[in-house]
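The values are calculated or read from the model by the stated rules, or taken from the named source; none is laboratory data. Remember, it's a predicted structure, so these values are computed and weren't measured experimentally. Backbone-built Cβ (ideal geometry, glycine too); neighbour counts: all protein chains shown.
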Amino acid sequence: MKKTVFAISLVALLAVAPAMAQVDLSNYVALGDSMTAGLASASMMDWYQDRSYPAVLALQAGVSDFEQPYISEPGIGPIFELVSLLQDGELRPVIAPVGLVPGLPTNAEYPGIYNNLGIPTATLYDMIFQTGDINNLLQGNFDTVFFDIVLRNGINTALEQAIGLQPTFMTIWIGSNDVLGAALAGTPIDGITMTPVEFFGGLYGNAVGALATNTTADIVLINVPYVTEIPFTTSVDPFVDIPDIGRWYLMADTGPLTDDDFVTLGGGALIAQGYGLPGGPPLPDNLNLFTGEPGVVLRAAEVDILNAQVDGYNAAIEATASAFGYPVFDVNAFFAGLSSGAYVPTYGGTTLSIQFLLGGIFSYDGIHPQHIGYALLADELIQFINAEYGSEIPRVDMAEVLFEGDWQSPGVSPTKAQQTIMSAEAFQRLYELFPPKLDQAPRIRRPGAIRPEYSGRDNRIKPATRP
Amino acid sequence: MIAKNRGRALLVAAMVLVAPALGWGSGFALFEVGGRSGGMAGVMTAVGDDLSTLFWNPAGMAFQTDDGIQLMFGVTLIQPEQDFVGMSPYPGTGYRASQVEQTFFPPHIFLGIPVNDRLELSFAFYTPFGLGTGWEDDFRGNYIAKKTDLMVFDLGVSMAYKISENFAFGIGVDYMVAQIELARDIGLINPYDQRLTSVAEASLKGDGINSAWAWNAGILWKMGSGFSFGASYRSEFTVNGGGKATFTQIPTGYADFDGLLNTFFPFDEKVPIEATISFPNFWNVGLAWQNEKWTVSGQYGVMGWSAYETLPIIFPENPEFSSVREENWDDAAQWRVGVEFRASQHWDLRVGYLEDETPQPAEGMSPLLADSDREAYMGGLSYHTDRFRFDIAYEQVNLLERSTDGLNEEGFEGTYEGKSPLLHMSITLKF
């Protein structure tokens, strides 16, 4: 009899063990910003949305109904493309948006909540408090276009909608836009162009706490990458080599640049117009708080400030993770490894890097990955999840990704433009997408950061009936 | 104006052009030196009674002085096959590929000349290392290797001296000549369509005579009651070689991308290269028992592949392409058993079996060389008269299934499995 009981117990244990080791992605919700939305080349567009890291993760996990707020080609805003690489025999790429007419939402009538709640431009504050109304967009108002497309009902925030969906699994990757605007404007000012660390930590803890209290999801937190190690900030040298003069360190309105300084991609078009060069006007170093004109220079000290800010955010994320027992996927280390060369993704003898245009990871905006980069990211995340939860989600087939080609393949003739590097128009479009949120500074300081009515399960929205 | 680190991706791609290209292994080591030894797993170290002992144990020649001048020549037909099943992330789960059909004919020629009844002088020509790999045209590993041909020829001279009726030693020197040729594609992400694209074919070819000296020695002791013991050693050697690398552009259809590549790669030039390759030592010990009808022999050997630690490839005129690749191979053991039955006055039969350990870490397995532990079965027969001998043997070598275990340094993950039929043939003439 004892033997029988023992055998039954053993069988039961064996039967239970694999189930405990698995993670359930059947109702996966991704919270985040443009990186989660799958934005590439300054555009949110269906082709890239289908290749966003949450979509790839869901696909690999066998989830067939991962819903996203699709936008038709050429996306919002119109996607960037590479117009040419060489001018006068020199590597001087031209990048410009494809046309002026943006794409349209194609999945706006989906009756439930989207699984991908990544909202381009969203800060942590936005994820918690910002709503969006599709009617706003239908009336031609693009001010909060991404919130309107993703959130739609004008009532619930991304955080609330995530809770409403009662997910089994979640990823949260938020915080990049709390500092990215400072990099794009070349001006890190705590509380003005960047969210203060203390405030970020408080918000983050509250947001994760709300999810922990109101859902039973397994949650992977994703920290914030340095915004100073992306092609947008590392691709333009702070000097030019001029015949008969030699190496000329570009002149900014705050003085000459040094080897330790960075010129953003936004500065490329200005340099082509003579800015920073002998006899030309100086490059604008910093954001003009009166006109809103961005700076295009990041001084070494500013880079340190930006990185320290990200370190502060990440410490807060770690602390929150420890408090709630959630794992943190260290995407900052992932990108830092790519940047330093400590990690060189190699596929069949071919290597990828973060080098702008030629590296294969980043898109034409120099900030967001393209489909190869997102697939790489998804593959890293899958390995992390498998290690963390003992699951066996298949890794991404990178051969399929590498040989697929981009959304235009096989080729659509690129339009011609005359601007150098990233055209002024392209940079302006990018800057409009990711401006430093100056108007948020007073807002984020208002007392009662978490709205009093938001203390428990949000019942204002019915969980979606999934088709 | 643009791009700190510009061209870094191109540089990395170019550097790995040759880095993985000169892998060696038990898969490259050849033991095919005779139709008779091939039929009994090469267990000649303690037997040493035909000319193939010049490879296995030079001391054996001292016991053949009564045979007069001997000439042995022959060839081994090798038809290697290897299949690959991929896994994600690259080249993808379920991807399958096979090597193209190839046949190789490594030859062997041995000449033994007795000086007196104790001393024998011998000359040898054979191929101790050699391999050819080639994959299908649409192979996804084409950025690592498309085709590789390798041959190392040994021109040896040795002497064997019989100290007593029961004990002899032999020593020899070897002049090693290496030839290698390989080809692969270079792939980059096309910045226009973000697709992995072949932008160039790179080939590497040794030129001139890339050579090195080595030596070998052995003892053979007839212990009595039919037993004999043999031991031999072949030294390691290092080839400091030169050659030429050629880059041939593959148009992408994007003129200025092609133009950019043209500023970086020395297309259609023969770019000099220098490489240093270390080959392993090889020692064997064997024990045999013989009577009028039977020979039974066992043998244990180790190839000292731990000498193969790095592979420096230098581009003297294009130092940006130079690289030093870590290999860190291990010594590899092998054991062999063989039996011969002298069925009649003119006919002999034999069988054998061997196991051969791979020296290659899983990290280094690639389409260029994916080695694994091997086992081989063989059987053969001989027809002989007083002055003539014909040996033939069939051998089946199985490269056991082996996975890269997600460790491959070139990002080509999957499982390799191979086999190779070998047909050994030799003719021996006695004058």
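Looking only at the stretch B:266-281, which residues are under 30 Å from B:T238 (Cα atoms) and either within 14 Å of chain A (Cβ to nearest Cβ) or of a type in the set (A, V, I, L, M, F, W, C) (or both)? Spell out the reasoning first.
Filtering the stretch B:266-281 for residues under 30 Å from B:T238 (Cα atoms) gives B:266, B:269-281.
Within the stretch B:266-281, B:V271, B:I273, B:A275, B:I277, B:F279 meet the criteria.
All but one of (1) part of a loop (DSSP other than H, G, I, E, B); (2) touching a residue at least 40 places away in the same chain (Cβ under 8 Å) hold for B:G253, so report the exception by its number.
That leaves (2) as the condition not met.
Determine, yes or no, whether A:G373 is modelled with pLDDT of 90 or more and either hydroxyl-bearing (S, T, Y) or within 30 Å of A:P188 (Cα to Cα) (or both).
On the way: modelled with pLDDT of 90 or more: yes; either hydroxyl-bearing (S, T, Y) or within 30 Å of A:P188 (Cα to Cα) (or both): yes.
Spelling it out, A:G373 is indeed modelled with pLDDT of 90 or more and either hydroxyl-bearing (S, T, Y) or within 30 Å of A:P188 (Cα to Cα) (or both).
Pick from the stretch B:404-422 the residues that are part of a strand (DSSP E or B) and surrounded by 17 or more Cβ atoms within 10 Å (Cβ to Cβ): which of them is farthest from the other protein chains (Cβ to nearest Cβ)?
Taking the stretch B:404-422 first, the residues part of a strand (DSSP E or B) are B:414-422.
Within this subset, residues satisfying the condition of being surrounded by 17 or more Cβ atoms within 10 Å (Cβ to Cβ) are B:414-418, B:420, B:422.
On the way: B:G414: 11, B:T415: 15, B:Y416: 15, B:E417: 19, B:G418: 20, B:S420: 25, B:L422: 30 Å.
Residue satisfying both the conditions and the ranking: B:L422.
Looking at B:T103, B:T133, B:T148, which is the one that is within 30 Å of B:D185 (Cα to Cα) and either acidic (D, E) or within 14 Å of chain A (Cβ to nearest Cβ) (or both)? Steps first, answer last, please.
Working: B:T103 fails: either acidic (D, E) or within 14 Å of chain A (Cβ to nearest Cβ) (or both); B:T133 fails: either acidic (D, E) or within 14 Å of chain A (Cβ to nearest Cβ) (or both).
After applying the criteria, what remains is B:T148.
Hey, any hits in the stretch B:207-217 for a residue that's within 14 Å of another protein chain (Cβ to nearest Cβ), within 25 Å of the chain's Cα centre (by Cα), in a strand (DSSP E or B) and surrounded by fewer than 22 Cβ atoms within 10 Å (Cβ to Cβ)?
So in the stretch B:207-217, the residues within 14 Å of another protein chain (Cβ to nearest Cβ) come out as none.
No, every residue in the stretch B:207-217 fails to be within 14 Å of another protein chain (Cβ to nearest Cβ), within 25 Å of the chain's Cα centre (by Cα), in a strand (DSSP E or B) and surrounded by fewer than 22 Cβ atoms within 10 Å (Cβ to Cβ).
Here is a yes/no grid of residues against (1) buried (at least 20 other Cβ atoms within 10 Å of the Cβ); (2) at pLDDT below 90; (3) within 14 Å of chain B (Cβ to nearest Cβ):
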| site | (1), (2), (3) |
| --- | --- |
| A:A15 | no, yes, no |
| A:D24 | no, no, no |
| A:V29 | yes, no, no |
| A:L39 | yes, no, no |
| A:S84 | yes, yes, yes |
| A:P93 | yes, yes, yes |
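Filter the stretch B:192-205 down to the residues that are closer than 21 Å to B:G242 by Cβ and within 13 Å of chain A (Cβ to nearest Cβ) and list them by number.
B:A202
Restricting attention to the stretch A:341-355, which residues are of a type in the set (A, V, I, L, M, F, W, C), within 10 Å of chain B (Cβ to nearest Cβ) and over 25 Å from A:A55 (Cβ atoms)? Explain how you work it out, then say what you get.
In the first step, residues of the stretch A:341-355 are kept if they are of a type in the set (A, V, I, L, M, F, W, C); the result is A:342, A:344, A:352, A:354.
Going one step further and asking which of them are within 10 Å of chain B (Cβ to nearest Cβ), we end up with A:344, A:352, A:354.
A:V344 - this is the single residue of the stretch A:341-355 that is of a type in the set (A, V, I, L, M, F, W, C), within 10 Å of chain B (Cβ to nearest Cβ) and over 25 Å from A:A55 (Cβ atoms).
Kindly provide the set of residues from the stretch A:381-392 that are surrounded by 21 or more Cβ atoms within 10 Å (Cβ to Cβ) and either touching a Cys at 6+ places or on another chain (Cβ under 8 Å) or within 11 Å of chain B (Cβ to nearest Cβ) (or both), ordered by number. Give the derivation first.
Filtering the stretch A:381-392 for residues surrounded by 21 or more Cβ atoms within 10 Å (Cβ to Cβ) gives A:381-382, A:385.
Scanning the stretch A:381-392 gives a single hit, A:I382.
For A:T193, state whether it is closer than 30 Å to A:Y389 by Cα and either β-branched (V, I, T) or buried (at least 18 other Cβ atoms within 10 Å of the Cβ) (or both). Even if it seems obvious, please write down each step before you answer.
Details: closer than 30 Å to A:Y389 by Cα: no; either β-branched (V, I, T) or buried (at least 18 other Cβ atoms within 10 Å of the Cβ) (or both): yes.
No, not satisfied.
Here is a list of conditions, (1) away from chain B (no Cβ under 12 Å); (2) surrounded by 24 or more Cβ atoms within 10 Å (Cβ to Cβ), and A:Y374 meets all of them except one; can you say which number that is?
It is condition (1) that A:Y374 fails.
Since B:E401 meets every condition but one in (1) over 22 Å from the mean Cα position of the chain (by Cα); (2) surrounded by fewer than 17 Cβ atoms within 10 Å (Cβ to Cβ), which condition does it not meet?
(1)
Please determine whether any residue of the stretch A:437-448 is surrounded by fewer than 17 Cβ atoms within 10 Å (Cβ to Cβ), within 26 Å of A:Q273 (Cβ to Cβ) and modelled with pLDDT under 60.
No.
Whether any residue in the stretch A:330-339 is surrounded by fewer than 18 Cβ atoms within 10 Å (Cβ to Cβ), assigned to a helix (DSSP H, G or I) and in contact with a strand residue (DSSP E or B) (Cβ under 8 Å, 6 or more places away or on another chain) is what I want to check.
Here is the first cut: in the stretch A:330-339, the ones surrounded by fewer than 18 Cβ atoms within 10 Å (Cβ to Cβ) are A:333, A:336-337.
Remaining after also requiring assigned to a helix (DSSP H, G or I): A:333, A:336-337.
Cutting the leftovers down to in contact with a strand residue (DSSP E or B) (Cβ under 8 Å, 6 or more places away or on another chain) gives us none.
Scanning the stretch A:330-339 turns up no residue that is surrounded by fewer than 18 Cβ atoms within 10 Å (Cβ to Cβ), assigned to a helix (DSSP H, G or I) and in contact with a strand residue (DSSP E or B) (Cβ under 8 Å, 6 or more places away or on another chain).
Name the pairs: first residue in the stretch B:164-191 and within 14 Å of chain A (Cβ to nearest Cβ), second residue of a type in the set (F, W, Y) and buried (at least 22 other Cβ atoms within 10 Å of the Cβ), Cβ to Cβ under 6 Å, at least 6 apart or on different chains?
From the stretch B:164-191, the pairs are B:D185/B:Y143; B:G187/B:Y143.
Where residues in the stretch A:238-253 are assigned to a strand (DSSP E or B) and within 35 Å of the chain's Cα centre (by Cα), which of them is surrounded by the most Cβ atoms within 10 Å (Cβ to Cβ)? Spell out the reasoning first.
Going residue by residue through the stretch A:238-253, those that are assigned to a strand (DSSP E or B) are A:239-242, A:246-249, A:251-252.
Filter once more, so that each one left must be within 35 Å of the chain's Cα centre (by Cα): A:239-241, A:248-249, A:251-252.
Numbers: A:F239: 19, A:V240: 17, A:D241: 10, A:W248: 15, A:Y249: 16, A:M251: 18, A:A252: 24.
Within the stretch A:238-253, the match that is surrounded by the most Cβ atoms within 10 Å (Cβ to Cβ) is A:A252.
Which residues, counting only those in the stretch B:102-111, are buried (at least 17 other Cβ atoms within 10 Å of the Cβ), at pLDDT below 95 and of a type in the set (F, W, Y)?
B:F104
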